[in-house]
Amino acid sequence: MVVRPQWEWRFDGADGAPLERPVSPVFTTQFDAEQWLGETWRLLSSQGVQAARLVHEGVQATPTLSIPAA
């Protein structure tokens, strides 16, 4: 059985608290995760996302990114 790496985004709202929604897809590469965020940040912003953290296997892998208002 092959275990694939898991990358996903965790989102924070304006008050800095983690958001239950939206939910990030799970990616097998960091590149795919970052590309997805680059393509969907405007939609995420419209859903109240203020910041995003990329998590790899449950551990934050990159600095927290601010999501600008769309």
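Please treat every number below as a calculation from the coordinates, not as lab data. For clarity, every value in this text was computed on a predicted model and none was experimentally measured. Cβ coordinates were reconstructed from backbone atoms using ideal geometry, including for glycine residues, and neighbour counts include every protein chain displayed.
General observations
- Mean residue ellipticity (222 nm) of the chain, computed from DSSP H runs ≥ 4 via -39,500 (n - 2.57), nearest 500: -8000 deg cm²/dmol
- Nearest 10 degrees, 0 to 90: helix 30-46 Cα axis against the chain principal axis: 20 degrees
- Under the convention that each Lys and Arg Cβ holds +1 and each Asp and Glu Cβ holds -1, the size of the dipole of the chain around its Cα centre is about 40 debye.
- Relative contact order [Cα under 8 Å, 6+ residues apart], the chain, whole percent: 36 percent
- Choice from Ala17, Ala52, Ala33 showing the highest fluctuation, given a GNM over the chain with Cα pairs closer than 10 Å: Ala17
- For volume of the Cα convex hull per residue in Å³, the value computed from the atomic coordinates appears in the list [x] 99; [y] 111; [z] 85 under label [z].
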